[in-house]
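Every number here is computed from the coordinates shown, using simple stated rules; none is lab data. On a predicted model such as this, the values are computed, not experimentally measured, just so you know.
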């Protein structure tokens, strides 16, 4: 099966049943490293992902891939993720990675922190290569945190006062150890642990199934969920 045929068959798959309990949901928690943040000219250089079943992280089946980009690596981003041009010279281009990644995420709910950035690049490449995009349900831990912060302002982890909490800000707030910062798989693992910490608060707040999780965790809610009492956005 060619990449185009695979894309038409696989990228449109999404879990059925909006009332699936959270503890029965299969998640793929992911992160990407990029040459930069300009979707028009930058590219993915690394994808890391792992599976969760409800609140249980499955470390025995991870996805890790380096990608040889078309864009030139910016030295400013190299300082952040530590991936150098020489490391990518013999790596596959995105065409050689996207199909296997699509197989890995098939039938799962995608989770990430500021996930809209990762999805913008993944969907751009998917559309270019297959004519379609990833259609998995997507949940953003930043959106979940923002929604919960409005309901648990008295809890120390939700009273950070940070204007735009990044992944490592929230890792510190929830006492999550960070061992491989700014690697795709390392950040995906931190994000998975963050989701673990948030799930009990969500259940307590009445978010118990896929439909409600999708509603409060929609990546497009990032801005709306982090509105301060004074009416100004804090992200």
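Some values worked out for this structure:
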| item | result |
| --- | --- |
| Three-way shape call for the stretch 3-225 based on the alpha-carbon gyration tensor, with the a/c threshold at 1.5 | oblate |
| Prolate/oblate/rounded call for the stretch 95-197, Cα gyration tensor, a/c under 1.5 rounded | prolate |
